[in-house]
Amino acid sequence: MSRSIWHFIRKHYGAAAQIIPEWPVQHRLASGQEVHGRTDCLIRHAGGLVLIDHKSYPGHDPAVRALHYLPQLLVYRQVLEAAWNVSVTAMAVHFPVLGKMVFVQD
């Protein structure tokens with residue numbers, strides 16, 4: 001499974017892409033809400049960051065399931081963009097059990 005995701009990352013973002021696993025996030029949003037968490041995987045590339053969340057969902061239709069995680073990804077995107085002063089160019093949910101990567105957007 002790990003070979004598959006590394007191959008995907010290199011194919012889509014190039015050998016120069018930096019893979020950052022398990023990055024802690026902590027930030028106070030403009031609303032006053034405190035965010036504490038840990039991203040599963042960030043890909044730093046020439047255009048910014050890709051945010052990837054791993055889920056062990058073994059069911060059917062991962063594209064629909066990925067939308068359940070969009071609120072979490074949106075908050076993490078907001079935190080990363082504020083803290084790193086960089087654009088999150090894509091957000092994805094990786095389903096390693098299914099061998100699928102599903103990109104989501106707001």
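Rule-based calculations on the coordinates, nothing more; no lab input. Just so it is clear, the structure is predicted and the values come from calculations on it, not from any experiment. Counting neighbours? That spans all protein chains shown, and the Cβs are built from the backbone with ideal geometry, glycine included.
Stretched out fully, how many nm does the piece from H7 to H60 gain, at 0.36 nm a residue minus the Cα gap? If you can, show how the numbers build up before the last one.
Details: separation 53, 0.36 × 53 = 19.08 nm, distance 2.36 nm.
Value of the extension gain: 16.7 nm.
Quick one: what do you get for the chain if you divide its Cα Rg by 2.2 N^0.38 Å?
On the way: Rg = 13.6 Å, N = 106, 2.2 N^0.38 = 12.9 Å.
Rg over 2.2 N^0.38 Å, computed on Cα atoms: 1.05.
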Next item on the list: Work out, step by step, the length gained on full extension between L74 and A17: first 0.36 nm times the residue separation, then minus their alpha carbon distance; give nm to one decimal.
Entry: 18.3 nm
Notebook entry, point to check: Residues with beta-carbon under 13 Å from that of V35, excluding V35: net charge, scoring Lys, Arg +1 and Asp, Glu -1?
Noted result: +1
Next item on the list: State the extension gain, in nm to one decimal, for the chain segment bounded by E81 and R38, taking 0.36 nm per residue of separation less the distance between their alpha-carbons.
Entry: 14.0 nm
